[in-house]
Protein chains: 4
Amino acid sequence: MTASLCKLSHVALVTPDIDRSLWFYRDIIGMDEVESDGTRIYLRCPGELQHHSVTLREGPTGVEHMAFRVGGPDDLATYAVQLRAEGLDVEEVARGDEAGQGDALRFTTPYSELPFELVWDLDKPLAPEGVRGKLPNASGRFGRGAPRRIDHVNCQTSIENVAPAEQFLIEQFGFKRREYVQPTEGPVMLTFLSVTPQVHDIALGPDGQNRTGRFHHFALDHESFSDLWRAADLARENEIQVDVWPARHGVGQSFCFYLRDPGSGHRVELYSGGYVIYDPDWEPVRWTEHMLDYGVIFSGAPFTIGGGGPMDENTPTAEPAAVAS
Amino acid sequence: MTASLCKLSHVALVTPDIDRSLWFYRDIIGMDEVESDGTRIYLRCPGELQHHSVTLREGPTGVEHMAFRVGGPDDLATYAVQLRAEGLDVEEVARGDEAGQGDALRFTTPYSELPFELVWDLDKPLAPEGVRGKLPNASGRFGRGAPRRIDHVNCQTSIENVAPAEQFLIEQFGFKRREYVQPTEGPVMLTFLSVTPQVHDIALGPDGQNRTGRFHHFALDHESFSDLWRAADLARENEIQVDVWPARHGVGQSFCFYLRDPGSGHRVELYSGGYVIYDPDWEPVRWTEHMLDYGVIFSGAPFTIGGGGPMDENTPTAEPAAVAS
Amino acid sequence: MTASLCKLSHVALVTPDIDRSLWFYRDIIGMDEVESDGTRIYLRCPGELQHHSVTLREGPTGVEHMAFRVGGPDDLATYAVQLRAEGLDVEEVARGDEAGQGDALRFTTPYSELPFELVWDLDKPLAPEGVRGKLPNASGRFGRGAPRRIDHVNCQTSIENVAPAEQFLIEQFGFKRREYVQPTEGPVMLTFLSVTPQVHDIALGPDGQNRTGRFHHFALDHESFSDLWRAADLARENEIQVDVWPARHGVGQSFCFYLRDPGSGHRVELYSGGYVIYDPDWEPVRWTEHMLDYGVIFSGAPFTIGGGGPMDENTPTAEPAAVAS
Amino acid sequence: MTASLCKLSHVALVTPDIDRSLWFYRDIIGMDEVESDGTRIYLRCPGELQHHSVTLREGPTGVEHMAFRVGGPDDLATYAVQLRAEGLDVEEVARGDEAGQGDALRFTTPYSELPFELVWDLDKPLAPEGVRGKLPNASGRFGRGAPRRIDHVNCQTSIENVAPAEQFLIEQFGFKRREYVQPTEGPVMLTFLSVTPQVHDIALGPDGQNRTGRFHHFALDHESFSDLWRAADLARENEIQVDVWPARHGVGQSFCFYLRDPGSGHRVELYSGGYVIYDPDWEPVRWTEHMLDYGVIFSGAPFTIGGGGPMDENTPTAEPAAVAS
């Protein structure tokens, strides 16, 4: 039997100013604080039933790991064997290291050098009175403009490693390529991959300084682009750094708004819309130089990527070293 | 020289549960608390520079007064003479009775029996740090879905008094009739009047039980109907009573959402859109029986007015007695 | 190997006034006309690459079939054997019967008596110049408020057949129960099933007159609830019959707007939002009597179902007889 | 008695490609064509009752005139005398020159060198069946995302002429300064003036090349910023040139979207929101260098004005010569 992933579960962030980061994710973005265990603060969106989708830990800006949920209770054991057979150094983490979840595997992906975690057991705690919403299919309250759920991560590696890094994700975890940027001449530069019907659960592109192991941003899904404009005004009132104001991507067709966690500098994309792929024989959509005009931004102020634009300066790090406890 | 009014200034509400009313206007609706002087709590919308547009005072549900701002510094004196010549009992109120405003006149309107206040001097206090927004043309912060400003009041009297009550407002204060409901046979039933280019600063209609002196609702203007839906979800999460869910009126073309202040039962309309009238020779738009279909609700779930529907049950009172301190 | 379904593909509608139905789906709803072959008119949404998601054929109001796409090229053959083993009368339809698609199977589902079609090959024609949009991941043009894609069907059978009809869909096609209504005492009344991460690709509930084989509505997905309000105004201007004005369902968390194809009386839901389910161990959300308040409509004007409300009068038929050519 | 203006009435545009301009205003923007008299095509927004708010005439890109409606039937005669006493060359234009309106005055404003028209009589033709909407307070149909009405004009002159040009408008027509940009040292650079409660019916700023008589843009008001995003997508699909993508101005608090009429190059602002001023003692809001950050764009991608940014290149001309027939 083949093991698989079912979704992006959470990002475990490290921030030098955990109070300011908490203020940002809770009071500006609208996530609910679920628990604090002394090591980490656990947050989730009001549309999420699981214990956490973002965690915060104090330390130099970085990413402990980005965690994917596996497709079944036996998949962790299968992956432990499979990934070690690939030569990876797989750490087994027992229930209790992170609150609200069970055993996990941690390892660094080859070529992209990203700190991955795989997990199956996720608690689904009911929110306390006062936070709990009325709907049984959600945890928190509607009507606040908060995100519904975590959506995807976007990472970077050196340009020559994009293709083999993507190949590893496809072969080991069943990610499918949905859209990609490949100039008429030359290798794939940017690829959008998913195990869900989303256009991407993870995107992989080239780092501006050709480093590996870079965390570009993670995204939180919102119900409507009007939520993104509300957040844009709120960001402005609170002097939050903005990288890209609300606009529509051509890739994925989604609305986006990129801003920075002021405690850590981590970039967050507030996301809305986007199409879904239910066909198993989907042909990946290719963008070339000519199409980049429409692909990066379809409607909205243009900006450059890969060329030193605001999206590439000071990209927060995803140092593998941050995995060590 | 003729005295005039320039706008609706504020509504002074009385509520038996001032804590719950404060929670509602501040935490659910999004108004900012400006001051509390022991007698009243003063609130304004983030788009308003003046000291208050809603005040709360403890007592049996009622309306102390609805206040209009006069058109110039001499208009209060002119109105004192003019209204007394009409036989009205005009009370002169000195600066200090209500915080943040100057001298005022109070009287009960004939036929409609409404507690009116006229005022000129209005303080424009800067909001404190942490509440103050970045824009110099606003007092509070954008990005919260809060209302921008008070918009209008809607009052009721006995059906035979609607026409003379309207006539008084037109003659004394320069209100203009903008739209009205008058069946093919019979007198005007409902009239929309303004001194501003709005379709109404005040509406006058018939009370279901044919009483005079009834306060039906006041309205707060929002930037977008997406703010109304946000509020609708929030109302549902917080078990706020709703009379009319978001819909578009034909009269005025505006989006509306009617809910109740849970502390007092006062009905509040969250309002968005609506057209403006800049032509001095505007011909009032007449609605007859035939047109009521489109007039009350153009798009949205229909409801009945004047016939015992949810909008007519338990209409909060605007007892003139409530004016007495 | 197990055969499976990957998504709802299209609904094949029969309408007594095909010109008026075409006007409705194209000029009011915003779908693009792809082809007309003398028998049927084929339409798709601008976000769909496949040849059609709605077809129109002249005749008494009914549904030729609702078509699901199978999960792979061999699944049609597998299903032909499997369904015949279940005792079903499976018709094999050769490429050419419906334009833009390959071989298909047709049969009537037991208990629900619904005309199903299964298909694999679907053409993906490029839209002609003037209709084609700029984005390679869509077929038509953005910026018109049109739906993005077909979303789900909602069907009815006699109340005692809801449970076995659901069981058949689960066992044969891998549908999963996502949410359901089951009173504290008594059987399941309404069930929301999907093969995709949507809350439903198909819903099954009780017919008000306890008949089998009823087609309640199909739904078209929109990017934003602002598209639903635009459509509500347009419906009103064009005297389109509306069953439910824009509101938010508690089931699925989605915004809805129900109106009628004026050519046929078929009910169409314009849909936006809704959550997705990526967890393989999702526990179906149960609604009981107590919860119906929040489930049917969370925010928006309430209406009754199953009790003769506007949603139940004149439900268009999905007579199996309509399958016969 | 003092004559006055009540509102901006229309802009009379000249375009070298009248077919393409008509397509733009009608099919992309959503205005309704009212009449064509061989010389001009007359358009209005669905929320406008008057005959026209934009007219198109064939010729080199320019502005015939921007027309304001006076405040009463005698004001034209008063202004003819008053403006001639100021030394202006006032042309009297008889009913019939422009369809749907009565006598008019035309003259060039001093310092700003703008072609002004004053008019009182404006026909209010009912739209023909098929175009006419259901609401008696509007002319056309809701639900298309079209603008509601014309909002303002924005013009430029040489920097040293901004102050005297503003002074002329204030003294002769009763415009009030609502907001303005004036550096700590130096004269006013940009001023926002209105006779209505809007923040501006006309704005006056410096031309990048220090010329007089420049027409920067005119604006059309929309109900919601979601209409602006719809238009942004549509502009992109149709390769319309965009100057500023949807964003929020700090001045006026309004949402904006600037695009170009492809037939003439005239810049059009799609506008939504914005606050209103009902207080006669409004203190103009001053912006200095420090505040320009928030004033030009509050939330949205920043751009430069007065410094050669996209808003200043190729500004369409408003040559006084264009007034001559």
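Observations, loosely collected:
- Averaged over the residues of peptide D:219-229, the number of Cβ atoms from other protein chains lying within 10 Å of each residue's Cβ is 6.
- Taking a sphere under 9 Å around the Cβ of D:C256 and counting the other residues whose Cβ falls inside, with K and R at +1 and D and E at -1, yields a net charge of 0.
- Coil-residue GluC sites (Glu not before Pro) of region A:138-243, DSSP, other Cβ within 10 Å capped at 16: A:E185, A:E239
- Here A:R211 yields copy-to-copy label distances, from shortest upward, of 5.0, 6.8, 7.2 nm, the label point defined as 7 Å from Cα along Cα to C-beta.
- In the protein assembly as shown, the convex hull through the Cα atoms has an average projected area of 49.2 nm², a quarter of its surface area.
- Placing a label point 7 Å from Cα along the Cα-to-Cβ direction at B:E33 gives distances to the equivalent points in the other copies of 2.1, 6.0, 6.2 nm, listed shortest first.
- Across region B:38-186, counting alpha-carbon atoms alone, Rg and Dmax equal 17.7, 58 Å.
- Two-site FRET efficiency, D:W23 against A:R286, from Cβ-Cβ distance with R₀ of 30 Å, rounded to 0.05: 0.35
- Shielding by partners, peptide A:242-249 (average Cβ within 10 angstrom, other chains): 5
- Per-residue HN-Hα couplings for region B:17-33 [Karplus 6.51, -1.76, 1.60; θ = phi - 60°; Hz; x = Gly/Pro]: 10, 5, 5, 6, 5, 4, 4, 5, 5, 8, 8, 9, 6, x, 6, 9, 7
- Amide H contacts under 5 Å for A:K176: A:S194, A:V195, restricted to partners 5 or more places along the chain or on a different chain, H placed in the peptide plane at 1.01 Å from N.
- Most mobile of D:A235, D:A77, D:A127 in a GNM of chain D (Cα contacts under 10 Å): D:A77
- Rolling a 1.4 angstrom probe over the protein heavy atoms with all chains in place gives region B:100-226 an accessible area of 30 Å² per residue.
- Once the Cβ-Cβ distance of A:K124 and C:Q167 is raised to the sixth power relative to R0 = 22 Å, the FRET efficiency obtained is 0.25.
- Total accessible area lost when D and B pair, probe 1.4 Å, Å² to nearest 100: 3600
- Residues whose placed amide H lies under 5 Å from that of C:Q156, excluding near-sequence neighbours: C:G205, C:R214, C:F215, C:H216
- Region C:159-259 - percent relative contact order, Cα under 8 Å, separation 6 or more: 17
- For chain D, taking Cα atoms only, Rg and Dmax work out to 18.5, 58 Å respectively.
- Mean ellipticity per residue at 222 nm, deg cm²/dmol - from DSSP H runs of n ≥ 4 across chain B, formula -39500 (n - 2.57): -4500 deg cm²/dmol
- Cross-link partners for D:K124 among the lysines, with Cα-Cα distance under 25 Å and sequence neighbours closer than 8 places in the same chain left out: B:K176, D:K7, D:K134.
- Relative contact order for chain C, counting Cα pairs under 8 Å that sit 6 or more residues apart, in percent: 19
- Summed residue charge, Cβ within 14 Å of C:E98's Cβ, Lys/Arg positive, Asp/Glu negative: -4
- Share of carbon and sulfur in the accessible heavy-atom surface of region B:89-135 [1.4 Å probe, %]: 44
- Distances in nm from D:V81 to the matching label points in the other copies, shortest first (labels 7 Å along Cα to Cβ): 3.0, 10.2, 10.4
- Closest Cβ on chain A to the rotation axis that carries it onto C (distance rounded to whole Å): A:S224, 3
- Residues of region A:187-210 that bury at least 30 Å² of accessible area when the other protein chains are present, relative to the chain alone (probe 1.4 Å, heavy atoms, ligands and nucleic acids excluded): A:P197.
- In the context of the full set of protein chains, region A:1-59 has a per residue accessible area of 33 Å² (1.4 Å probe).
- Here region B:94-170 is treated as a Stokes sphere of Kirkwood radius computed over C-alpha pairs; at 4 °C and 1.567 mPa s its diffusion coefficient rounds to 82 µm²/s.
- For the residues of A:270-280, the average number of beta carbons from a partner chain within 10 Å of their own beta carbon is 6.
- The chymotrypsin sites (Phe, Trp or Tyr not before Pro) of region C:1-87 include none that meets both criteria, a DSSP state outside H, G, I, E and B (loop) and at most 10 other C-beta atoms within 10 angstrom of the site's C-beta.
- Max mean-square fluctuation residue, GNM over chain D, Cα-Cα springs under 10 Å, options D:L135, D:L105, D:L126: D:L135
- Length, then width, then depth: along the principal axes, the Cα atoms of region C:151-265 run 44, 31, 28 Å.
- Taking the 1.4 Å solvent-accessible surface of region A:226-271 as the whole, the part contributed by carbon and sulfur is 36%.
The values are calculated or read from the model by the stated rules, or taken from the named source; none is laboratory data. Just so you know, these numbers come straight off a predicted model, no measurement behind them. Here Cβ is always computed from backbone atoms with ideal geometry, including for glycine, and neighbour counts include all displayed protein chains. Heavy atoms of the whole protein, side chains included, go into the accessibility calculation; ligands, DNA and RNA do not. Shrake-Rupley method; radii C 1.70, N 1.55, O 1.52, S 1.80 Å.
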